[in-house]
Amino acid sequence: MEGNHLSRTETVIALAGNPNTGKSTVFNALTGLNQHTGNWPGKTVLRAEGKYINQGQVYNLIDLPGTYSLLANSVEEQVARDYLCFGKPDTTVVVVDATCLERNLNLVLQVLEITSRVVVCVNLMDEAKRKNIAINIEELAVQLGVPVIPTSARAGLGLDQLVKTISDVVSGQIKPAPRLVQYDSRVEEAIQKIQPRIQKLVGDTYNSRWLALRLLDKDPVVIAALEKCLPGQQDLKMKVGGELWA
C-alpha cells in the first residue's frame, strides 16, 4: 500500500458501518499514524480522517460516525447520510460484521440507495469462523450487485484486496450495479412521477431516486440542503462535509 511517488490528486473514500463492526480497526490499519481528528462542522460528533497511498495515488479516508441506519434519527446518522449524499465521495466502503450480517445489511441497502460506488467489507471473518458461521461471499456480491471483500482487520487479512478493489471502483475498472430495494407499488408510482422533475433540477449531481424517496417522506434536512444548493447550483461538498484536508 506504500508508494515512492505521490499523486497530486487525492481520492476521497468514505468509511461507513454499524458500531462494533471493526470499522475503526479497518481505518487504523489502512491509515496508520497518518490521520487526525476533529469535529464535524457545527456538530459535536467526532470526525476522523486519514491518508494512505496505493500505487502512487493518495487516498483520503473519511471515517463516518458508526450508525445503524441513515434515517437521520440521530446527529450521527444525519452526519453520515448528509456526507454520503452531498459530500460525494469517490467510493464508499461499508464495513459489516460477519457474525451478524443480516442486521448489518440494512445499512448497506440504505447506502446503495444513495450511491452505486460501494464496496462492502465483511469484517471479523475470524470471529465468524470461530462461531462456525459460513458466508458465501461470491453469492452475496451477486445479490447486492457490488464488490464484497472478506477481511479480518485485526490480523491484517484481506486488506490488500480491499485496497485493490477500492482502486478498481475509483478507476472504473469495476462498475458496481447495485440491486435496489423495490417498494410498494404506490410508492414506486409516486417515485416515477416526481423523479424526472428532480432529475431535471439536480442533473447527475445527486441521486434523483433517493431524493424522491426523501421528499416523499418530507425529510426536512434534505429539503433544507436542496434549498441551499439549487438556487445558485453551489457544491455542497464543503458545506456539508467541511474541509477534507487543510
Original post:
Say we join alpha carbon atoms closer than 10 Å with springs in a Gaussian network model of the chain; which of 135, 13, 114 then has the biggest fluctuation?
Top reply: 135
**OP:** Specify the inter-centroid distance of the stretch 8-57 and the stretch 83-161, based on alpha-carbon positions, in whole Å.
**Re:** 16
Original post:
Excluding residue 178 itself, what net charge comes from residues whose Cβ is under 12 Å from its Cβ, given Lys and Arg +1 and Asp and Glu -1?
Top reply: +3
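In Å², what does the accessible area per residue of the chain work out to with a 1.4 Å probe?
Roughly 51 Å² per residue, with all protein chains present.
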Subject >> Hull-based mean projected area of the stretch 155-197, where the convex hull spans the alpha carbons, in square nanometres >> reply: 5.4
**OP:** State the volume of the convex hull built on the alpha-carbon positions of the stretch 1-132, expressed per residue in Å³ and rounded to an integer.
**Re:** 116
Original post:
Treating the beta-carbon of each Lys and Arg as +1 and of each Asp and Glu as -1, no other charges, what is the dipole magnitude of the chain about its Cα centre, to the nearest 20 debye?
Top reply: 300
Original post:
Shape of the stretch 53-113 from its Cα gyration tensor (a ≥ b ≥ c, root eigenvalues): rounded if a/c is under 1.5, otherwise prolate when a/b > b/c, or oblate?
Top reply: oblate
**OP:** From zero up to wherever the largest Cα-Cα distance of the stretch 68-185 sits, split into 10 Å bins and tell me the percent of pairs in each.
**Re:** 13, 43, 35, 8, 0
**OP:** Using the Kirkwood radius over Cα pairs, work out the Stokes-Einstein diffusion coefficient for the chain at 10 °C and 1.306 mPa s, in µm²/s as a whole number.
**Re:** 85
**OP:** Would you mind putting 179-190, 79-90 in packing order, based on average other-beta-carbon counts within 10 Å, highest first?
**Re:** 79-90, 179-190
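Report, in deg cm²/dmol and to the nearest 500, the calculated mean residue ellipticity at 222 nm for the chain, where each DSSP H run with n ≥ 4 adds -39500 (n - 2.57) and the sum is divided by the residue count. Display every interim value, and only then the final one.
Working: 10 runs with 100 residues, N = 246.
Helix contribution divided over all residues of the chain: -12000 deg cm²/dmol.
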Original post:
If the limit is 19 Å between Cα atoms, which of 51/164; 200/228; 51/228; 51/88; 88/175 go over it?
Top reply: 51/228
Original post:
Given the Cα-Cα distance of residue 188 and residue 171 and 0.36 nm per residue of separation, how much length would full extension add, in nm?
Top reply: 2.9 nm
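The values are calculated or read from the model by the stated rules, or taken from the named source; none is laboratory data. The structure displayed is predicted, hence computed values, not measured ones. A quick note on method: Cβ atoms are made from the backbone with ideal geometry, for glycine too, and the neighbour counts reach across all protein chains shown. Surface areas here come from the heavy atoms of the whole protein model, side chains and all, with no ligands, DNA or RNA. Shrake-Rupley method; radii C 1.70, N 1.55, O 1.52, S 1.80 Å.
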